[in-house]
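Visitor: Pasting a structure below so you can have a look.
The values are calculated or read from the model by the stated rules, or taken from the named source; none is laboratory data. Please read all numbers here as calculations on a predicted model, not as lab measurements. As a convention, Cβ positions derive from the backbone with ideal geometry for all residues, glycine included, and neighbour counts pool all protein chains shown. When the accessible area is computed, the model is the full protein with side chains, heavy atoms only, and any ligands, DNA or RNA have been set aside. Shrake-Rupley method; radii C 1.70, N 1.55, O 1.52, S 1.80 Å.
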Amino acid sequence: MEQTLSIIKPDAVERGLVEEIKNIFIKNNLKIVNEKKLHINKDEAAEFYKVHQSKPFYEQLCNYLSSGPIFVMVLEGENAILENRKIMGATNPKDAIEGTIRKLYGISIDKNSVHGSDSVENAKKEIKFFF
Ligand code: UDP
Ligand code: MG
């Protein structure tokens, strides 16, 4: 069994999509083993997204993730990291395939509704960051 970190980002929390998104994970055999709603500050967002610090969108990304409440979950299942990435869809909702969370709910490349860990190493780090 593998674990991964999922975040429902401010745009989706604000639109009341938490339960709908949780149900998508559950339907796809990802068990929610830990969860919490919180509002992080900009310094915490900067720490979480440190891997992107050299990117042109870093500042905006940190402002955004700290702009409102987020819903954080630990998802558990077989190949949870890759499965979650499939269920999420492409970073840009425009490129996401039908039925994925980002296709269903994403507004734009920055307001793309969810975050998911991209590797075993990052999943461990990100779960530790929040729980
Ligand atoms: N992002 C952005 N502009 C870009 C690329 C990424 O605002 O040109 C944001 C987007 O919200 C994305 C996050 O930065 O989810 C992290 O980027 P990454 O490449 O890790 O995408 P993800 O792993 O979330 O699909
Ligand atoms: Mg990423």
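Visitor: Report the far tail of the P(r) of the stretch 17-71, meaning the percent of Cα-Cα pairs longer than 18 Å.
Guide: In whole percent, the share of Cα-Cα pairs in the stretch 17-71 beyond 18 Å is 46.
Visitor: Follow-up question, since we're still on this one. Exceeding 21 Å between C-alpha atoms, which entries from my cross-link table qualify? They are 94/124; 50/125; 31/128.
Guide: Listed pairs above 21 Å: 94/124.
Visitor: Continuing with this model, one more query. Hey, which aspartates and glutamates would be in cross-link range of residue 27, C-alpha to C-alpha under 20 Å, not counting anything within fewer than 8 residues on its own chain?
Guide: The reachable aspartates and glutamates, counting only those whose Cα sits under 20 Å from residue 27, are 2, 19, 35, 76, 78, 83, 98.
Visitor: Still on this model: By a straight-distance test (C-alpha under 16 Å), which aspartates and glutamates pair with residue 111 as possible cross-link partners, with residues fewer than eight away in the same chain excluded?
Guide: Here the aspartates and glutamates satisfying the reach criterion relative to residue 111 are 11, 14, 59, 95.
Visitor: Another question, if that's okay. Given N residues in the stretch 71-131, what is its alpha carbon radius of gyration divided by 2.2 N^0.38 Å?
Guide: Output field value: 1.13.
Visitor: If you don't mind, another one. To the nearest 0.05, what FRET efficiency results for residue 111 and residue 32 with a Förster distance of 22 Å applied to their C-beta separation?
Guide: So the FRET efficiency works out to roughly 0.45.
Visitor: Show 91, 4 ordered by accessible area, largest first, where the area counts protein heavy atoms only and the probe is 1.4 Å.
Guide: The most accessible residue leads, giving 91, 4.
Visitor: Counting other Cβ atoms within 10 Å of each Cβ, which trypsin sites (Lys or Arg not before Pro) in the stretch 58-95 have at most 10 and sit in a DSSP loop?
Guide: Loop-located and lightly packed - none at all.
Visitor: Can you tell me the mean projection area, over all orientations, of the convex hull of the chain's alpha carbons? Units nm², please.
Guide: Projected over every direction and averaged, the Cα hull of the chain covers 7.1 nm².
Visitor: Leaving ligands and nucleic acids out of the surface, order 1, 88 by accessible area at 1.4 Å, largest first.
Guide: Ranking 1, 88 by accessible area, largest first, yields 1, 88.
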